[in-house]
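Data first, discussion second: the structure below is written as structure tokens.
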Amino acid sequence: MKRAALHNLGCKVNSYETEAMQQLLESAGYEIVDFEEQADVYIINTCSVTNVADKKSRQMLHRAKSRNPDAIVVAAGCYVQAAGEKLKEDASVDLVIGNNKKADLIPLLEACMAGKEAEGSIIDISAASEYESLHIEKQKEHTRAFIKVQDGCSQFCSYCIIPYTRGRVRSRRPEDVETEVRALAQKGYREVVLTGIHLSSYGVDFKEESIDFLSLIKRLNKLEGIERIRFGSLEPRVITEEFVKELSGMKKICPHFHLSLQSGCDETLKRMNRHYTCGEYYERCRILRKYFKNPAITTDVIVGFPAETEEEFAITEEFLKKVNFYEMHVFKYSRRAGTRADRMPDQVPEKEKTERSARLLMLEKEMSKQYRASCLGTEAEVLLEEAVTIKGKSYMVGHTKEYVKAAVPCDGNRVNSGKNTMVTGILKEFLTDDIIFLAENAKLG
């Protein structure tokens, strides 16, 4: 039996695709082993979002070949789309597979093993119009399943290479999504997280059929077994009064919304080619708070974008305080060759990026603590995920619908393994910096 090892770099969409490729290998009779072990085939699902991601992708490819020089090393994904010809000349790489071709992994591998040219392993992704058929039957997480429903992006933010490595928007058929989610529910998954490269664009290629993101959500909301529906990153413009009002009427929707921001200054947003203003973004947050009680709103922020002055950064900082997020992912701007931002003048020195990042991380910690404190004394439903020991006591830890981490005491008789179990109780007090305690009288759901 041949042994295969996989390593994933990058986003949740990449993670989904890596899981799907692993299951293709398993179906073909491969034994899956840890990436640190000896294998006959190594597959690295690469990332190309920044120059650093490119470097990490190359490093992992070289590491795989050094582990077993006789193994077939496969480079797959976004870095392949960005640097396919270069990778073909890399002695550490035996096979390159671009995006929208990962479903062909097994025949491409067989051709490579037979010494044949793996034809068509990289396509012109900008011309791709069909969603790639990849499926999963299980995931490493046992309670929450990430479901890829969309690929590609047509936004062309000035700092981003993704439209060139993932192509334009392509949506997955809703009946195909429903079939996969139903199968996962039957295997015991209680929560699904809808993900995509630009999730808010789901359905733009199905307009003639009146299929959009909201119609997909409604369809999944009717499925038995799934008790929670959570979303990946959303563009602010999808948050309309009509959209949110409909969501608020569905009990399975998690009031946890990750709205991509990137900057709280309109001038910076213009240079980023983001298609909204801070005022419009704030209005979207107001709508969410109108229809959901204390929703968890999280975001991404880039500091040190080209020409970002101290004044622009200060405007961003004040805007973040005004919105009052639950969590923020703070990134220092990283140049990416091939993007407009890489060619912009007035690149911000690394030292200033680091100082600005540190300021926002302190703000994030403070806002996150405030949000979790606002949850104290409220009733919450927690999907238990893992057993932990805190200060010598045993607990099961999971997340509320708002994605606040909570713990319930576990004495061995209660909850059993606890995984895949819902409990409901009153959130009482902090146990650690990031966990809230759930009352002793929590009820099993």
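The values are calculated or read from the model by the stated rules, or taken from the named source; none is laboratory data. Just so you know, these numbers come straight off a predicted model, no measurement behind them. Cβ placement follows ideal geometry from the backbone for every residue including glycine, while neighbour counts extend to all protein chains displayed. We work out accessible area using only protein heavy atoms, side chains counted, and drop any ligands, DNA or RNA first. Shrake-Rupley method; radii C 1.70, N 1.55, O 1.52, S 1.80 Å.
Rounded, prolate or oblate: pick one for the stretch 8-121, where a ≥ b ≥ c are the square roots of the eigenvalues of its C-alpha gyration tensor, a/c under 1.5 means rounded, and failing that, prolate if a/b is larger than b/c, else oblate.
Values: a/c = 1.22, a/b = 1.18, b/c = 1.04.
Judged from the Cα gyration tensor, the stretch 8-121 comes out rounded (a/c under 1.5).
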Discussion item. With a 1.4 Å probe and all protein chains kept in place, how do 315, 436 rank by accessible area, largest first?
Written reply: 315, 436
Worksheet, complete the sentence: From most to least accessible, 1.4 Å probe, no ligand or DNA/RNA atoms counted, 344, 60, 1 line up as 1, 344, 60
Practice prompt. With both partners inside the chain, how many of the DSSP beta bridges are antiparallel, as a percent to the nearest 5?
Written response: 35 percent
Item to complete: Divide by every residue of the chain the summed helix terms, -39500 (n - 2.57) for each DSSP H run of at least 4, and state the resulting mean residue ellipticity at 222 nm, rounded to the nearest 500 deg cm²/dmol.
Response: -10500 deg cm²/dmol
Discussion item. Among 191-198, 100-107, how do they line up by average Cβ neighbours within 10 Å per residue, starting with the highest?
Written reply: 191-198, 100-107
Worksheet item: How much solvent-accessible surface does residue 129 expose, in Å² to the nearest 10, with a 1.4 Å probe and all protein chains in place?
Response: 90 Å²
Worksheet entry | Cross-link pairs beyond the 26 Å C-alpha cut-off, checked among 353/401; 252/322; 148/270; 405/443; 102/405; 140/401 | 353/401; 252/322; 148/270; 102/405
Worksheet item: Which residues in the stretch 51-88 place their backbone N less than 16 Å from a point set 7 Å from the Cα of residue 116 along the Cα-to-Cβ direction?
Response: none
Item to complete: For residue 26 paired with residue 154, estimate the spin-label separation in nm (one decimal), with each label point 7 Å from Cα along the Cα-to-Cβ line.
Response: 3.6 nm
Worksheet entry | Disulfide-incompatible cysteines by the Cβ rule (no partner under 4.7 Å) in the chain | 11, 47, 78, 112, 153, 254, 265, 278, 285, 375, 410
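Calculate the dipole size of the chain relative to its Cα centre from +1 charges on Lys and Arg beta carbons and -1 charges on Asp and Glu beta carbons; express the result in debye to the nearest 20.
Dipole magnitude for the chain comes out near 860 debye.
So how do 230-237, 206-213 stack up, highest first, on mean other-Cβ count within 10 Å? Present the calculation step by step, with values, prior to reporting the outcome.
Numbers: 230-237: 19.5, 206-213: 13.6.
The most tightly packed comes first, giving 230-237, 206-213.
Taking only protein heavy atoms and a 1.4 Å probe, what accessible area per residue, in Å², does the chain have with all protein chains in place?
On a per-residue basis, the chain sits at 45 Å².
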